[in-house]
1. What's log10 of I(q)/I(0) for the stretch 152-193 at q = 0.16, 0.22, 0.29 Å⁻¹, Debye sum over Cα points only, no solvent?
2. Given charges of +1 on the Cβ of Lys and Arg and -1 on the Cβ of Asp and Glu, with all other atoms neutral, how large is the dipole of the stretch 66-129 about its Cα centre, in debye to the nearest 20?
3. How much length is gained if the chain between residue 50 and residue 259 is pulled fully straight, taking 0.36 nm per residue apart and subtracting their Cα-Cα distance, in nm to one decimal?
4. Determine the order of 92, 286 by accessible area, beginning with the largest, at a probe radius of 1.4 Å.
5. So how much slack lies between residue 192 and residue 319, counting 0.36 nm per residue of separation and subtracting their Cα-Cα distance, in nm?
6. For the chain, what's the radius of gyration and Dmax over Cα atoms, in angstrom?
7. Got a number for carbon plus sulfur as a percent of the chain's accessible area, 1.4 Å probe?
8. For the stretch 240-322, take the alpha-carbon Rg, divide it by the Kirkwood Rh, and send me Rg/Rh.
Amino acid sequence: MGRTPDILSTDAPDATRLALEALARGELVALPTETVYGLAADARNDRAVAQIYAAKGRPGFNPLIAHVDGCDMAERLVELSPLAMRLVEAFWPGPLTIVAPRRADAGVSPIAAAGLDTLAVRAPAHETTRGVISAFGAPLVAPSANPSGRLSPTCARHVVDGFQGRDGPTLVLDAGPSSVGVESTIVLVNGDDAVLLRPGGLSREVIEGVLGRSLPARRDGAVIDAPGQLASHYAPAARLRLEATAPRDDEAFLAFGETPQRRFQENLSLSRDLNEAAANLFEMLWRLDALVAANGLAGIAVAPVPATGLGLAINDRLARAAAPRTL
Ligand code: TXA
Ligand code: MG
């Protein structure tokens with residue numbers, strides 16, 4: 001119960017081979033992606049997929065993303081309409097997940113699809129991880145490698161710390177910090193219709209540029225298309241106070257842009273660069289969370305962040321982190 005995983009650099013010569021062997025045994029392997037680290041398992045293996053839910057404490061109604069090495073593997077799993085193909089060709093490999101009608105013979109464990117007739121697919125950009133999927137020759141399901149409802153992992157240490165005392169991954173491939181830092185953007189594509197289900201590491205504006213029209217977001221309270229979009233998510237232990245222009249005396253501060261130097265402060269981006277801020281977001285929340293606990297502070301005050309570009313995903317994650325805990 002809760003054995004500490006082996007951690008291996010992706011530069012190690014046997015990293016890919018050891019990951020493949022563990023996956024073939026039905027074990028969970030934490031793999032780096034450009035967005036966040038994923039907790040991967042053989043998508044066809046019911047027992048391994050069930051182990052992901054157990055390890056994360058993830059509700060069974062919340063489906064997983066099938067990670068593929070590209071378009072061909074994706075097309076064996078889902079029906080990609082011409083519109084979906086356009087998005088995939090423009091943005092894969094990269095931080096875009098497409099939800100599309102699942103093929104009857106997809107071969108993915110029904111547990112991973114959570115009973116839906118759609119399936120989420122994504123080709124991650126990290127070279128080693130894509131190599132593992134290619135060599136495995138089958139999709140890997142991989143949610144973010146964190147216990148459900150906790151901060152997402154953007155480095156190997158977050159993964160190891162998060163699963164302490166749980167039956168998590170047996171192996172973590174370490175590629176250093178994730179370059180994008182927030183999860184993939186999820187777009188539901190049904191024929192010629194596209195809807196934004198989760199803002200993420202690919203900005204809405206960039207997708208709209210390829211679509212040549214606006215990308216509507218799923219209305220809150222509408223049919224639950226992304227069951228994982230529970231209000232409280234990405235929660236640090238500390239209480240968050242958003243849109244704070246300055247911290248109170250008993251708060252840590254997550255700043256954005258030039259600001260007076262204070263104790264217990266991290267700065268998402270001095271130059272107000274939203275890509276840099278996204279890459280820093282989870283690591284800085286992890287650090288401030290520890291500072292709040294160690295110093296008996298009241299919580300974390302968070303500076304306003306514009307909701308354009310990756311700022312949309314940043315604000316989404318902050319709002320969920322600040323929401324009342326429902327799980
Ligand atoms: O960047 C990412 O997407 C990362 C890395 C590891 O690839 N993965 C990730 O997975 O964020 P996860 O499980 O933490 O989030 C997947 C989200 C959940 O909100 C889930 O509800 C939604 O995708 N989802 C999965 N399948 C779906 C489907 N068929 N329809 C609607 N939403 C779906
Ligand atoms: Mg997650």
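1. So the normalised log intensities are -0.56, -0.77, -1.06.
2. Values: 5 positive and 8 negative charges, 32 e Å.
So the dipole magnitude of the stretch 66-129 works out to roughly 160 debye.
3. On the way: separation 209, 0.36 × 209 = 75.24 nm, distance 4.64 nm.
Taking 0.36 nm per residue and subtracting the Cα distance, the gain is 70.6 nm.
4. Working: 92 35, 286 60 Å².
In descending accessible area the options line up as 286, 92.
5. On the way: separation 127, 0.36 × 127 = 45.72 nm, distance 3.07 nm.
Full extension of this stretch gives 42.7 nm more.
6. Radius of gyration, then largest Cα-Cα span, for the chain: 19.1, 59 Å.
7. Working: 6910 of 13550 Å².
Percent of accessible area from carbon and sulfur atoms in the chain: 51.
8. Working: Rg = 11.6 Å, Rh = 12.5 Å.
Value, to two decimals: 0.93.
The values are calculated or read from the model by the stated rules, or taken from the named source; none is laboratory data. Because the structure is predicted, anything quoted here is derived from the model rather than measured. For neighbour counting, all protein chains shown are included, and Cβ atoms are generated from backbone atoms with ideal geometry for every residue, glycine included. We work out accessible area using only protein heavy atoms, side chains counted, and drop any ligands, DNA or RNA first. Shrake-Rupley method; radii C 1.70, N 1.55, O 1.52, S 1.80 Å.
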